[in-house]
């Protein structure tokens, strides 16, 4: 599960709808990966409270602190640098608001495991993966860790794809879904524009995941949009 170009509707439409689909996948015996650790900042306590074991909660807290410390060492205040200009233009106001919306992609089930970048989960259910907030690096990590289908919610309109796994693009608002119809697979903005229940939007996402897993091409695949990037840590030349 990924989000990019988030806007004020992300935490109201697409992300909670994806959370419904995530719960359905978990209930069916599947594994769901929630990534982008920097986007837990300000809402990490909610994920810690859902940890299936104390050590999982401790790992979440430690990872968030590690990302904030790494930013501070480079003279950056993570809480002051977020949201991004694009997020702000889309209506987001604080990093807490952004994070509260982002973690809704994980639904409501217990966090079974916290794994490192690109590591393969060993437990079924909701798993958190330690990745940066950079979308291509995060998607690459999840796919390397075994993800078969990626669901990517976007409010500002990202055409991102992946060369290894299909990426389902879910629009947070109907206006953008229409404007970028060639790049979006689903419109979750109907939760607002048409009064669709979140449960209904979530079921549509779940059914699209199953259909894509069975061979349907996503918009990104049809257009050949593919991005691949591996997170690098430390000095390099």
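The values are calculated or read from the model by the stated rules, or taken from the named source; none is laboratory data. Computed from a predicted model, the values in this text were never measured in an experiment. Virtual Cβ from ideal backbone geometry, glycine too; neighbours counted across all protein chains shown.
A few comments on the model shown:
- Residue in region 7-20 that is more than 27 Å from residue 209 (Cβ to Cβ), surrounded by 20 or more Cβ atoms within 10 Å (Cβ to Cβ) and in contact with a helix residue (DSSP H, G or I) (Cβ under 9 Å, 6 or more places away or on another chain) present: no
- In region 6-20, the qualifying residues are those that are under 13 Å from the mean Cα position of the chain (by Cα) and assigned to a helix (DSSP H, G or I), and the one that is farthest from residue 154 (Cα to Cα) is 19.
- The listed residue being closer than 20 Å to residue 122 by Cα, modelled with pLDDT of 95 or more and more than 18 Å from the chain's Cα centre (by Cα), out of 28, 49: 28
- Criterion: free of Cβ contacts under 8 Å to residues at least 24 places away in the same chain, surrounded by fewer than 19 Cβ atoms within 10 Å (Cβ to Cβ) and either over 12 Å from residue 14 (Cβ atoms) or under 15 Å from the mean Cα position of the chain (by Cα) (or both) - qualifying residue of 210, 143: 210
- Scope region 219-236; condition within 17 Å of residue 180 (Cβ to Cβ) and out of contact with any helix residue (DSSP H, G or I) (no Cβ under 6 Å at 6 or more places or on another chain); matching residues: 219, 220, 221, 222, 223, 224, 225
- In the set (1) more than 20 Å from residue 149 (Cα to Cα); (2) under 17 Å from the mean Cα position of the chain (by Cα); (3) in contact (Cβ under 8 Å) with a residue 24 or more places away in the chain, residue 3 fails one condition alone, (1).
- Looking only at region 78-106, and only at residues there that are outside any helix (DSSP H, G or I) and in contact with a helix residue (DSSP H, G or I) (Cβ under 7 Å, 6 or more places away or on another chain), the one that is nearest to residue 202 (Cα to Cα): 92
- Of the listed requirements (1) farther than 23 Å from residue 161 by Cα; (2) touching a strand residue (DSSP E or B) at 6+ places or on another chain (Cβ under 7 Å); (3) modelled with pLDDT under 90, residue 56 misses just one: (3).
- Of all residues in region 156-183, those satisfying the criterion of being farther than 18 Å from residue 86 by Cβ and either free of Cβ contacts under 8 Å to residues at least 40 places away in the same chain or assigned to a helix (DSSP H, G or I) (or both) are 165, 174, 178, 181.
- Candidate set: region 28-41, residues that are touching a residue at least 12 places away in the same chain (Cβ under 8 Å) and surrounded by fewer than 20 Cβ atoms within 10 Å (Cβ to Cβ); chosen: the one nearest to residue 72 (Cα to Cα): 30
- Scanning region 103-138 for residues that are closer than 19 Å to residue 210 by Cα and surrounded by 23 or more Cβ atoms within 10 Å (Cβ to Cβ) turns up 105, 106, 107, 126.
- With respect to the conditions (1) in a loop (DSSP other than H, G, I, E, B); (2) over 19 Å from the mean Cα position of the chain (by Cα), residue 192 falls short on a single one, namely (1).
- Total residues in region 107-152, condition on the phi < 0 side of the Ramachandran plot and in a strand (DSSP E or B): 12
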